[in-house]
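Here is the structure we will look at.
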Amino acid sequence: MTRQTVLRADLKERHVNMMAFSACIGFGLFLQSGKVIYIAGPGLAIIAFILAASVMWSVIACLGEMTALFPVQGPLFEFPGRFIDEAVGYATGWISWFAWTVIIAAEVLAIAQLWRFRFDESYLREVGYPDKELGWSTESYSPAVWVFIFLILIGCINLLPVRQYGQLEYIFGVIKIFFISGLIVFNVILSAMQKVHHDNHFWTWNKPYGFSSESLVVHPTHETDPGVVLRGEQGQFLALWTGIAAGLFSFVGFETIAITAAENKDLEKHETIKLATKKLTLRITILYVLCTFAGGLNVPYNDPNLINIQINSVRAGQNSIYVLAAVRNHLRVWPSIFNGFFIFSATTSGINALYNSSRLLHALASIPEAWPLFAQNWRRRLERTTSRGVPLGTVFVSWCFGLIAFLAVKPFPAVVLGRITNNAVVSELISYAAICLSYIQFYHRIKAAAEDPSLENRSAYNRDDKQYPYRTHGQLFRAYYGLLFCILLILFNNWRAFIHPFSTPDFVASYIGIVAFFALIAGYHIRSDGWNPMKWRRHASMQIFRPPPKVVVPGRRRGQLEFPNPKAPMWDEENFKSLIQFVWGWLK
């Protein structure tokens with residue numbers, strides 16, 4: 001009996017579009033936006049989200065163009081493996097998979113936090129709220145109860161056939177779009193009504209508040225630490241940088257568009273990647289910026305419940321700027337409705353995170369070279385799928401890492417969640433940097449292939465051809481921009497860990513991913529080339545790890561489209577040294 005190892009292409013363009021959108025709208029938008037406003041102020045928070053979106057805009061265009069031309073399984077690591085080095089590809093695949101499993105735990109841990117919804121009575125009196133109490137009775141429940149329930153729910157939904165799963169994700173995405181649009185209108189109306197008297201509608205942007213926060217308070221250890229206060233231009237710049245790093249977690253998930261390529265049947269009929277990429281970039285950027293702007297109109301950045309948000313932590317619904325806007329305007333019911341929707345949003349993002357991690361692991365399982373010899377039996381088991389195309393093994397293994405969410409029972413679950421999100425962001429940034437570098441190689445390769453008369457189908461690689469599936473203007477510059485920005489964020493994402501007293505847990509959570517990435521690369525080279533680093537060779541033949549995928553270029557006959565392999569290498573030691581010198585000189 002032949003074992004089934006192939007995923008089923010049952011997703012449509014609308015499914016892919018909403019799956020990527022839903023992945024980007026978890027607890028990040030609703031909890032992180034208030035965190036960024038507290039860190040940077042309402043004006044700088046908008047700039048921070050725009051800059052974070054520019055990284056997404058650059059990376060998704062790189063990934064989208066490569067995937068549109070070569071829709072392969074596991075594009076996040078296939079492209080680095082083909083255009084940089086196989087070891088880099090494998091390491092990127094493993095670190096991306098681990099990042100998504102960590103995101104599962106982060107979303108579930110956030111859900112457990114959101115159930116602990118209760119305002120302090122002193123705060124309610126201070127803002128003049130009509131009731132003495134506001135909160136849920138569920139705050140007394142053990143967080144482990146919610147972690148267990150929602151992990152089971154997330155796992156069960158991912159066992160559905162991909163067509164039914166995609167339909168559910170589409171419904172989730174539509175609900176989120178309507179809710180966020182309503183949330184923006186809700187906050188604009190609150191600002192226009194001005195129940196609490198203020199001089200103008202932009203009172204949170206004026207003195208005694210302002211466009212940016214007056215100071216940045218760094219808490220490197222735990223919530224009882226008074227921290228270090230940074231003021232002036234230095235404090236504002238570091239606040240902006242910290243806001244970018246914090247906001248970037250909210251955008252993680254846009255690569256879902258590429259991860260679904262192996263299960264997307266509309267790739268053969270429509271410009272799915274092109275449409276989904278453009279739609280997602282516009283939707284996410286506009287909604288995040290408008291939400292942050294509208295929320296910042298009603299809540300000052302020094303609100304006591306925002307001050308309680310540590311830079312390295314994520315808390316519950318009472319620390320959301322949108323819930324605070326309703327409370328400060330003395331509205332009943334709405335705070336509970338908002339907190340309930342935040343739980344729904346985090347749940348759906350956790351569902352999507354398990355989908356992405358399981359598909360990445362399944363793609364890795366189809367490559368024997370990515371696994372050590374002793375794990376080949378496990379690999380073959382993980383490669384199997386059901387008759388409906390569901391990779392049960394990879395779903396289960398990825399789901400097990402969600403058990404990290406039981407850290408919610410620790411004394412400082414908010415700090416634990418903050419460190420988990422930092423770790424996931426760094427791992428994803430490493431993947432994004434590899435994608436941008438892969439695109440630079442890809443760009444030069446297809447340019448050379450389009451001019452190579454020995455290639456029969458060289459016109460398929462011509463970016464100026466009208467039938468080229470997807471291209472954007474200035475994409476090479478965007479790839480360099482994305483690469484440099486990602487490298488800087490990787491290196492300096494958690495500079496706060498170095499503030500005295502040195503925080504070892506924060507440092508490890510933020511930088512262990514870098515060590516793991518290079519350790520994996522070294523491990524693969526040791527296996528193939530030996531222990532001497534001077535003898536390590538670059539293994540990037542520009543060929544697919546498996547037989548070339550069937551690709552349809554719009555307007556052309558279906559056939560085999562192989563990766564270009566021109567005679568002259570475009571990436572050699574000379575170019576690598578030049579890039580290192582350029583980055584080092586820029587940093588100096």
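Here are the numbers:
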| read-out | value |
| --- | --- |
| Near pairs, Cβ below 6 angstrom, 6+ apart or cross-chain, from segment 239-264 (in a helix (DSSP H, G or I)) to any residue that is among the basic types (K, R) | A246/K35; I259/R359 |
| Residue in segment 94-104 that is within 26 Å of H444 (Cα to Cα) and either surrounded by fewer than 24 Cβ atoms within 10 Å (Cβ to Cβ) or in contact (Cβ under 8 Å) with a residue 40 or more places away in the chain (or both) present | yes |
| Helices (runs of 4 or more DSSP H) within segment 1-87 that include 3 or more residues aromatic (F, W, Y) | 75-83 |
| Given (1) in contact with a Ser or Thr (Cβ under 9 Å, 6 or more places away or on another chain); (2) β-branched (V, I, T); (3) not in a helix (DSSP H, G or I), index of the condition T386 fails | (1) |
| Selected residue [touching a Cys at 6+ places or on another chain (Cβ under 7 Å) and aliphatic (A, V, I, L, M)] from V127, V88, V55 | V55 |
| Complete set of residues in segment 367-383 that are crowded, with 19+ Cβ neighbours inside 10 Å and not in a helix (DSSP H, G or I) | I367 |
| Qualifying residue in segment 403-422 (condition: of a type in the set (A, V, I, L, M, F, W, C), assigned to a helix (DSSP H, G or I), open to solvent by 60 Å² or more (accessible area, probe 1.4 Å) and closer than 24 Å to E263 by Cα) | no |
| Per-region count, segment 476-519, residues open to solvent by less than 40 Å² (accessible area, probe 1.4 Å), in contact with a helix residue (DSSP H, G or I) (Cβ under 6 Å, 6 or more places away or on another chain) and not hydroxyl-bearing (S, T, Y) | 15 |
| Given (1) modelled with pLDDT of 80 or more; (2) open to solvent by 10 Å² or more (accessible area, probe 1.4 Å), number of the condition T256 does not satisfy | (2) |
| Residues of segment 156-209 satisfying the condition of being over 30 Å from T394 (Cβ atoms) and of a type in the set (A, V, I, L, M) | I180, L183, I184, V185, V188, I189, L190, A192, M193, V196 |
| In segment 381-408, the residues that are more than 30 Å from Q113 (Cα to Cα) and free of Cβ contacts under 8 Å to residues at least 60 places away in the same chain | R381, L382 |
| Search result, residues across segment 189-201 that are modelled with pLDDT of 80 or more and open to solvent by 70 Å² or more (accessible area, probe 1.4 Å) | I189, M193 |
| Where a residue in segment 274-291 is closer than 20 Å to K12 by Cβ and its partner, wherever it lies, is modelled with pLDDT of 75 or more and of a type in the set (D, E, K, R), with Cβ under 9 Å and at least six apart | K274/E65; K274/R471; L275/E13; A276/E13; T277/E65 |
| Residue list for segment 128-161, restricted to those being β-branched (V, I, T) and at pLDDT below 85 | T138 |
| Residue list for segment 287-308, restricted to those being more than 26 Å from the chain's Cα centre (by Cα) and outside any helix (DSSP H, G or I) | L297, N298, V299, P300, N302, D303 |
| Residue in segment 390-407 that is modelled with pLDDT under 80 and farther than 22 Å from G253 by Cα present | yes |
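Let's see how each residue does on (1) of a type outside the set (K, R); (2) touching a residue at least 40 places away in the same chain (Cβ under 8 Å); (3) in contact with a strand residue (DSSP E or B) (Cβ under 6 Å, 6 or more places away or on another chain); (4) more than 20 Å from V252 (Cβ to Cβ):
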| residue | (1), (2), (3), (4) |
| --- | --- |
| K35 | no, yes, no, no |
| G41 | yes, yes, no, yes |
| I60 | yes, yes, no, no |
| L69 | yes, yes, no, yes |
| F79 | yes, yes, no, no |
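The values are calculated or read from the model by the stated rules, or taken from the named source; none is laboratory data. Given the structure is predicted, the values throughout are model-derived calculations rather than measurements. Positions of Cβ are backbone-derived with ideal geometry, glycine not excepted, and every protein chain shown enters the neighbour counts. Areas reflect the complete protein model, heavy atoms only, side chains present, ligands, DNA and RNA absent. Shrake-Rupley method; radii C 1.70, N 1.55, O 1.52, S 1.80 Å.
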